[in-house]
Amino acid sequence: MDNVIVQVDDSYAAEVDAADLARAVEATLIAEGRPDYEVTVVVTSDEAVAELNRQYRGVVGPTDVLSFAAQEPAP
């Protein structure tokens, strides 16, 4: 599947197997009947996530998950 992208910051590369994580996401998409969905997983620092959280949600501090719609919902 080419619809799962996993990005792991260098500081976590020894702890996270990107290929295993991609396979787990792919298996989940298939099990949920959504093999055509696109997913990007980014493993990064709390500081980087906190900046994204502030930028996109206006919330100060890190969070466990940030998700973004790939397209606007149909009316």
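The values are calculated or read from the model by the stated rules, or taken from the named source; none is laboratory data. Model, not experiment: these values are computed from the prediction. Heads up, the Cβs are rebuilt from the backbone with ideal geometry, glycines too, and the neighbour counts pull from every protein chain shown. We work out accessible area using only protein heavy atoms, side chains counted, and drop any ligands, DNA or RNA first. Shrake-Rupley method; radii C 1.70, N 1.55, O 1.52, S 1.80 Å.
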So what's the projected area for the chain, the Cα convex hull averaged over all directions, in nm²? 6.4 nm²
Please give the FRET efficiency for ALA27 paired with THR63, using the beta carbon to beta carbon distance and R0 = 22 Å, rounded to the nearest 0.05. 0.30
Quote the charge dipole size of the chain about the Cα centre in Debye, to the nearest 20; the model charges only the Cβ of Lys and Arg (+1) and of Asp and Glu (-1). 280 debye
For segment 6-63, dividing by residue count, accessible area per residue (probe 1.4 Å) in Å² works out to 73 Å²
Tell me the carbon and sulfur percent of the accessible area for the chain, rounded to whole percent, probe radius 1.4 Å. 50 percent
Added length on full extension, which subtracts the Cα-Cα distance from 0.36 nm per residue, ASP17 to ARG34: 3.8 nm
Within segment 39-75: backbone nitrogen closer than 17 Å to the ASP10 label point (7 Å, Cα to C-beta): 43-45, 48
